[in-house]
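First up is the structure itself, then whatever we jot down about it.
The values are calculated or read from the model by the stated rules, or taken from the named source; none is laboratory data. None of these values were measured; they are calculated from a predicted model. Virtual Cβ from ideal backbone geometry, glycine too; neighbours counted across all protein chains shown. Accessible surface is based on the protein model in full, side chains and every heavy atom, while ligands, DNA and RNA are left aside. Shrake-Rupley method; radii C 1.70, N 1.55, O 1.52, S 1.80 Å.
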Amino acid sequence: MNRIDDEELRQLLPSLRRFALWLARNPADADDLVQACIERALSRWSTRRGDASLKAWLFAILHRQFIDQRRR
């Protein structure tokens, strides 16, 4: 089982927020996107491939969250 690397997650938060802000164009919506992304990642951590890039995985989750929210 892959262990959660808390420090690596924390280091990626500013980049995730910048990307979310670029997508959403609204600080509150960007914060909500990042929170939803982290929640989804933590709830599905066991499905993450250990050799895959954490950054790429989180950015993909965030982008899918944005698309899903826009569809609703």
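Below is a table of values for the structure above.
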{"quantity": "Tally, over the range 29-72, of residues that are over 15 Å from Glu8 (Cα atoms), of a type in the set (Gly, Ala, Ser), touching a residue at least 12 places away in the same chain (Cβ under 8 Å) and out of contact with any Leu (no Cβ under 9 Å at 6 or more places or on another chain)", "calculated": "1"}
{"quantity": "Pairs with Cβ under 6 Å, 6+ apart, first in the range 4-28 and on the phi < 0 side of the Ramachandran plot, second basic (Lys, Arg) and in a helix (DSSP H, G or I)", "calculated": "Leu12/Lys55"}
{"quantity": "Condition check for Glu7: modelled with pLDDT under 95 and exposed (fewer than 13 other Cβ atoms within 10 Å of the Cβ)", "calculated": "yes"}
{"quantity": "Residue list for the range 15-28, filter: open to solvent by less than 80 Å² (accessible area, probe 1.4 Å) and either modelled with pLDDT under 95 or in contact with a helix residue (DSSP H, G or I) (Cβ under 8 Å, 6 or more places away or on another chain) (or both)", "calculated": "Ser15, Leu16, Phe19, Ala20, Leu21, Leu23, Ala24, Pro27"}
